[in-house]
Amino acid sequence: MGRLFTYILIAVLVLGFGGCKFAPVKKKGAKGAQTEKQQQAEDKGASYGVSEGGALDIKALDDPNSPLSRRVLYFDLDSSQISPEDREIIAAHARFLSQHPDISVVLEGHADERGTREYNLALGERRAKTVEQLLTLQGVSQKQIQIISFGEERPVALDHNESAWRLNRRVEILYSGY
């Protein structure tokens, strides 16, 4: 019984520490040490996923402060027009994809439940193609983009009211290859 408890305890500790991230400690006062101002500038750039050369970094995809963390674009009823705010988000994704040609995206087009199944599939595709067009106009290779329309088949909100429908009228940008 004691041995079993020991094995279970070791397994719990190993699994617990397996999910932790450990970062190297920066030494102050070492040769080539940064000034506090340089460190703050570096930290600010890192928080937005911008590397030294101004290129967007892979870390930006998971950084909530980065525009790349916004990967869902919402649309008005029966529309595939992109809002000015969403255009800025698409521009950030376009810069990132242009700088990382080995990474690709899937653009999933969605619609709310109103309209026929066929109409909603076409509308979801039209929305995704609008996003694709903006990405390619800003330098993203066509090979990096795949389009799928789900129409009304994959709702994120299941209610039958305007607030639910608003959430279901969307294009999701899904990254792969990183």
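Looking at the range 152-164, is at least one residue closer than 25 Å to Ile58 by Cα and outside the structural domain of Ala60 (by TED's automatic domain parsing)?
Applying the first criterion (closer than 25 Å to Ile58 by Cα) to the range 152-164 yields none.
No: zero hits.
Take the conditions basic (Lys, Arg), touching a strand residue (DSSP E or B) at 6+ places or on another chain (Cβ under 7 Å) and exposed (fewer than 13 other Cβ atoms within 10 Å of the Cβ) and apply them to Arg166. Does it pass?
Details: basic (Lys, Arg): yes; touching a strand residue (DSSP E or B) at 6+ places or on another chain (Cβ under 7 Å): yes; exposed (fewer than 13 other Cβ atoms within 10 Å of the Cβ): no.
For Arg166, the condition - basic (Lys, Arg), touching a strand residue (DSSP E or B) at 6+ places or on another chain (Cβ under 7 Å) and exposed (fewer than 13 other Cβ atoms within 10 Å of the Cβ) - is not met.
Within the range 130-177, how many residues turn out to be β-branched (Val, Ile, Thr) and assigned to a loop (DSSP other than H, G, I, E, B)?
Of the range 130-177, the ones β-branched (Val, Ile, Thr) are 130-131, 136, 140, 145, 147-148, 156, 171, 173.
If we keep only those that are assigned to a loop (DSSP other than H, G, I, E, B) as well, we get 140, 156.
Going through the range 130-177 one residue at a time, the tally reaches 2.
Across the range 55-87, what is the number of residues that are at pLDDT 95 or above and assigned to a loop (DSSP other than H, G, I, E, B)?
The qualifying residues number 11.
What are the pairs, 6+ residues apart or on separate chains, where a residue within the range 142-171 that is under 17 Å from Ala122 (Cβ atoms) has its Cβ under 9 Å from a residue that is of a type in the set (Phe, Trp, Tyr) and not in a helix (DSSP H, G or I)?
Arg169/Tyr74; Arg169/Phe75; Arg170/Tyr74; Arg170/Phe75; Val171/Tyr74; Val171/Phe75
For the structure I just gave you, tell me whether Leu107 is in contact with a helix residue (DSSP H, G or I) (Cβ under 7 Å, 6 or more places away or on another chain) and at pLDDT 95 or above.
Values: in contact with a helix residue (DSSP H, G or I) (Cβ under 7 Å, 6 or more places away or on another chain): yes; at pLDDT 95 or above: yes.
In short, yes.
The values are calculated or read from the model by the stated rules, or taken from the named source; none is laboratory data. Fair warning: this is a prediction, and the values are worked out from it, not measured in the lab. Here Cβ is always computed from backbone atoms with ideal geometry, including for glycine, and neighbour counts include all displayed protein chains.
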